Amino acid sequence: HIESMQAFLDEYMASTNPGLPVTSRQTMAEQYQAQTRSSAVMGNAVSVVIALVGVLNFINSMVTAIVSRRREFAVMQSVGMTKKQLCRMLVMEGLCYALITLASSLLLGSLAVGVGVRAMVAGGFTTFRFTLLPLLLCTPILLFAAALIPFLCFRNLEKHSIVERLRME
């Protein structure tokens, strides 16, 4: 009889006592949905920021690894490695890093969320849904960066001659 009681209360508040403070099941459901929406927006915003920090950290690590190995690459080229082989090696290294990152994120993230978060919300008033959508959305960005960054770093390295790079300390 929820609908009939809600109709009675609406009619009573409209005609007899408009100032009567009534908290109905419907208003509680509306408040809950508004609160759930705001929590979802905040959670998504935090997730986007964390994802951007992770991708930028990944890019920074790759650039640092390549720049710090300039002399090693010059030695490889001086003993016969071609530019194309070196570029391919760097891109493949980057893709391997990306695949390792994605696999560890999938494993550790699923474990942490599956065990940790489930334990926190168990027995509460909330529901829990686990999704891999954020990781799937970051995957093409990470793979693209893993291929592009080594290529761009290699092009930057090639601006200097092998002799100059061998003399660098």
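Descriptive notes on the structure:
- Per residue accessible area in Å² of the chain, where ligands, DNA and RNA are left out and the probe is 1.4 Å: 73 Å²
- Restricted to Cα atoms, the chain shows a radius of gyration and a Dmax of 28.4, 96 angstrom.
- Most mobile listed residue (M120, M42, M76) in the chain, GNM with C-alpha springs under 10 Å: M120
- Diffusion coefficient, µm² s⁻¹, Stokes-Einstein with Kirkwood Rh over alpha-carbon pairs of the range 44-108 at 25 °C and 0.890 mPa s: 180 µm²/s
- Charge-dipole axis of the range 40-169 as Lys and Arg at +1 and Asp and Glu at -1 on Cβ define it, positive-most pick from L143, L166, G94: L166
- Lys/Arg +1, Asp/Glu -1 at C-beta; the chain dipole; positive extreme among F73, A119, V49: F73
- Just checking the listed ones, T101, T126, T82: in the Gaussian network model of the chain with Cα springs under 10 Å, the one fluctuating most is T126.
- Working note: Cα gyration tensor of the range 10-80, eigenvalues times five, square-rooted, sorted largest first, giving semi-axes of 66, 7, 6 Å.
- Euclidean distance between Cα centres, the range 87-124 to the range 1-74, Å: 23 Å
- Taking the Cα centre of the chain as origin and assigning +1 to Lys and Arg Cβ atoms and -1 to Asp and Glu Cβ atoms, the resulting dipole is close to 1140 debye.
- Accessible area of the range 77-119 belonging to carbon and sulfur atoms, whole % at 1.4 Å probe: 74 percent
The values are calculated or read from the model by the stated rules, or taken from the named source; none is laboratory data. This structure is a prediction, so every number in the text was calculated from the model and none was measured. Methodologically, a virtual Cβ is constructed for each residue, glycine included, from the backbone with ideal geometry; neighbour enumeration extends over all protein chains shown. Heads up: the accessible areas ignore ligands, DNA and RNA and are worked out on the full protein's heavy atoms, side chains in. Shrake-Rupley method; radii C 1.70, N 1.55, O 1.52, S 1.80 Å.
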